Amino acid sequence: MTEADPLLDLRSEPPLGRDYSLDRDCTTLSRHVLEQLQSFSADAQDLSALMSRIALAGKLISRRLSRAGLMEDVLGFTGEVNVQGESVKKMDVFANEVFISVFKQSGLVCRLASEEMDDPYYIPENCPVGRYTLLYDPIDGSSNVDININVGSIFSIRQQEGEDTDGSAKDLLQSGRKQIAAGYILYGPSTMLIYSIGRGVHAFTLDPSLGEFILSNENIQTPAHGPVYSVNEGNFWQWDESIRDYTRYVHRHEGYTARYGGAMVGDFHRILFQGGVFLYPGTVKQPEGKLRLLYESAPMAFLIEQAGGRASTGTQDILDVIPEKLHARSPLVIGSTEDVALVESFIQERSRERDAELAAKS
Ligand code: AHG
Ligand code: MN
Ligand code: MN
């Protein structure tokens, strides 16, 4: 018998799971932001503090979700309907308030705008007011909460431009290229925070024993193509023919696989790391689709572009879309460059056909 290789012990999984930190320096989120900006300027400090506050909100939400089935008043609906016309869940309300309470006294933001609030929340006069606006979807995929499947929170940071004395927040009605930072927190088997300040996309994993998000993946690059297509095919009957063409194409070609979890954050996360495409196209009932531009599509578009992928409405880059109102929706095709281009090619083809028909009639 040969002698046991002492290194083998270290490499093999010990029975109770040894703690192998991917990042042995334990880079925390706030340090990472400052390192990225290579500065201790006021702007850099603000951005670092903003990310730390978002991380705190993520920890509070994660903690509640982790015990949801054991606590009263966590699961289920409130009985209210939000500005989107959707039934509000108790976790939507809780998570919405968590973001407000962690930012209210922070001196970092002047407003918070959320999918769950008709109008932005303005920091009251007796609290310190900052220069930034946080836009967020407190719980993405909230139908998953009651069945203990992954959900997320999506965030976007913009700087206030000009005065907003009438409370209309009109300066937020600008393209997604105005975002300073964006990201999401995924409440899955691990809680992860993925963010970009326009210098690549980086992932942090919450170590619950430390209560800290620790760097786990730096400079994530989305492959140019992936096998996954992620779309709610139950809407087939009410899609435009071009989207039906695309789904028929993937059904009839080898190399595609469907994945759909009912929470864009989870579906997007898979595609960010492994490639593929996520779609939420318009339907007959909702030609603009379901997803909200400012709180969902634009932040994810910011991330995917930073990771070398693309986000499109089908005819225009998401980051170029200017919303008409705070709660504007837009169709979304997001993921690997080649897979987004394939979906767009079917949309363009049908549009050319329609133009030709119109030209023939006139
Ligand atoms: P939210 O829970 O914030 O309303 O968002 C849910 C969104 C998105 O995350 C998900 O991909 C999509 O709605 C699922 O919608 P369908 O059930 O229509 O597929
Ligand atoms: Mn959502
Ligand atoms: Mn939501």
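Each value in this text was obtained by applying a stated rule to the coordinates, not by laboratory testing. Fair warning: this is a prediction, and the values are worked out from it, not measured in the lab. FYI the Cβ positions are ideal-geometry reconstructions off the backbone, even for glycines, and counts take in every protein chain you see.
Considering only Cα-Cα distances, which of the following residue pairs are longer than 22 Å: 59/90; 104/325; 89/170?
104/325; 89/170
Pop a pseudo-label 7 angstrom from the Cα along the beta-carbon direction at both residue 338 and residue 236 and give the gap in nm to one decimal.
Label-label distance for residue 338 and residue 236, simple model: 2.5 nm.
Counting only the backbone N, which residues of region 107-138 are under 16 Å from the spot 7 Å out from the Cα of residue 165 toward its beta-carbon?
The answer is none, because no backbone nitrogen lies closer than 16 Å to the label point.
Taking the Cβ of each residue in 300, 71, 91 as the centre, tally the other Cβ atoms inside 10 Å and list the residues starting with the fewest.
The most exposed by this proxy come first: 71, 91, 300.
In terms of Cα to Cα distance under 29 Å, which lysines are near enough to residue 361, apart from those fewer than 8 places away along the same chain?
The reachable lysines, counting only those whose Cα sits under 29 Å from residue 361, are 285.
What is the packing order of peptides 96-104, 117-125, 47-55, taking the mean over residues of other C-beta atoms within 10 Å and listing the highest first?
By packing density, highest mean first, the sequence is 47-55, 96-104, 117-125.
State whether region 25-217 is rounded, prolate or oblate according to the following rule on the C-alpha gyration tensor (a ≥ b ≥ c being the square roots of its eigenvalues): a/c under 1.5 gives rounded; otherwise a/b larger than b/c gives prolate, and the remaining case gives oblate.
Oblate shape, in that a/c is at least 1.5 and b/c is the bigger or equal ratio.
Put +1 on the Cβ of every Lys and Arg and -1 on every Asp and Glu Cβ in region 25-217; which of 188, 117, 138 then has its Cα farthest towards the positive end of the dipole?
Comparing the listed Cα positions along the dipole, 188 ranks first.
May I ask you to work out the translational diffusion coefficient for region 228-361 at 20 °C, viscosity 1.002 mPa s, via Stokes-Einstein with Rh from the Kirkwood sum over Cα pairs, reported in whole µm²/s?
D, rounded to a whole number, is 142 µm²/s.
From the Cα gyration tensor of the chain, with a ≥ b ≥ c the square roots of its eigenvalues, which class applies: rounded if a/c is under 1.5, or else prolate if a/b is larger than b/c, or else oblate?
Oblate, because a/c is 1.5 or more while a/b does not exceed b/c.
How many percent of DSSP beta bridges within the chain run antiparallel, rounded to 5?
85 percent
Could you give the radius of gyration (one decimal) and Dmax (whole number) of the Cα atoms in region 133-271, in Å?
Computed over the Cα atoms of region 133-271, radius of gyration and Dmax are 18.2, 57 Å.
So how do 141-147, 74-80 stack up, highest first, on mean other-Cβ count within 10 Å?
Highest to lowest by the protection proxy: 141-147, 74-80.
Size of the dipole of the chain about the Cα centre, Lys and Arg at +1 and Asp and Glu at -1 on the beta carbon, nothing else charged, in debye to 20?
For the chain, the charge dipole is close to 140 debye.
Relative contact order for region 25-217 using alpha-carbon pairs under 8 Å, separation at least 6, rounded to a whole percent?
16 percent
Taking just the C-alpha trace of region 49-108, give me its Rg and Dmax in Å.
13.0, 35
Of the peptides 254-260, 215-221, how do they stack up when ordered by the mean number of other Cβ atoms within 10 Å, highest first?
So the order, starting with the most tightly packed, is 215-221, 254-260.
For region 25-217, with only Lys/Arg (+1) and Asp/Glu (-1) charged at the beta-carbon, what is the dipole magnitude about the Cα centre, in debye rounded to 20?
560 debye
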